[in-house]
1. Measure out, as a whole number of angstrom, how far apart the alpha-carbon centroids of segment 218-261 and segment 102-135 sit.
2. May I ask you to compute the full-extension gain from residue 189 to residue 230, defined as 0.36 nm times their residue separation minus their alpha-carbon distance, rounded to one decimal in nm?
3. Give me the extension gain from residue 79 to residue 158: residue separation times 0.36 nm, minus the current Cα-Cα distance, reported in nm with one decimal.
4. If you count, for each residue, the other Cβ atoms within 10 Å and average over each peptide, how do 279-291, 117-129, 204-216 line up from highest to lowest?
5. Any chance you could list the semi-axes, whole Å, largest first, of the equivalent ellipsoid that the Cα gyration tensor gives for segment 177-293, using √(5λ)?
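Quick note: the coordinates plus some simple rules give every number you see, no bench work behind them. Because the structure is predicted, anything quoted here is derived from the model rather than measured. Positions of Cβ are backbone-derived with ideal geometry, glycine not excepted, and every protein chain shown enters the neighbour counts.
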């Protein structure tokens, strides 16, 4: 299901010498508007299944980066942004917000990036330079907050300098990442059978190949990669009764990619409770689920029957953001 949410309205007052604090959350009215509308449902891209042996994460503050580059010809625009704005909003029920910013009525290339920061204001992405958006030092996998959106468009206000007219342009924004989620369904039954609590478990996921970790917003492409990316997470129950073992987001091109990964779930004593090794297919703006199920009972002809699995892609996880300018 596609959800469309109006994310923010960037109203640009027709002032040639206008100014504002780029970090103070703005409000007011204007003649020229940029509206970001988010479509952030995550259709399932793929399901991977395995077998086990024998409170959801709170959403942090949303952060919005918007940069306007003034055109100096028909196709060329300034290297440095004419305007650069960054805002953070906390206590969000959704991504709807309205920003009112004054800009001179010129012709601009508009680029936008939206992500999250933790409660202390630490970002999950370094996004000040749109040429090289990257992960901070220390791999921060295992969090829904690694989610991100990007988009851009052209805003032409040059003909409106003296006309006193309003202008709204819509720019589609989409996720440049794929989501990976590892979980155990019917978690309470599984936890009871193991006599363990979710908080006593430790999940770890390691990527067996170079992981993209740099992104060029201008070219809409990955620019760098890192080897040996791995992280640990404490599993948590979700509202549907699943035990979410870990979550990650991976920068993915339009054609997708497949990466080898290794997953381990251990108890408080260090004993392995679940193991999964395999290739993870990733598709931009889609989710890949790795589902770990309880062991199968022994079969009549094969007492050792214990494992099984499969891979599936859910087309219901589409993720788009729409910016209206």
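1. Measuring centre to centre over Cα atoms gives 21 Å.
2. Details: separation 41, 0.36 × 41 = 14.76 nm, distance 2.88 nm.
The span from residue 189 to residue 230 would gain 11.9 nm if fully extended.
3. On the way: separation 79, 0.36 × 79 = 28.44 nm, distance 1.94 nm.
This chain segment gains 26.5 nm when fully extended.
4. On the way: 279-291: 22.1, 117-129: 14.8, 204-216: 18.8.
Top to bottom by mean Cβ count within 10 Å: 279-291, 204-216, 117-129.
5. Details: eigenvalues 173, 42, 24 Å².
The answer is 29, 15, 11 Å, longest axis first.
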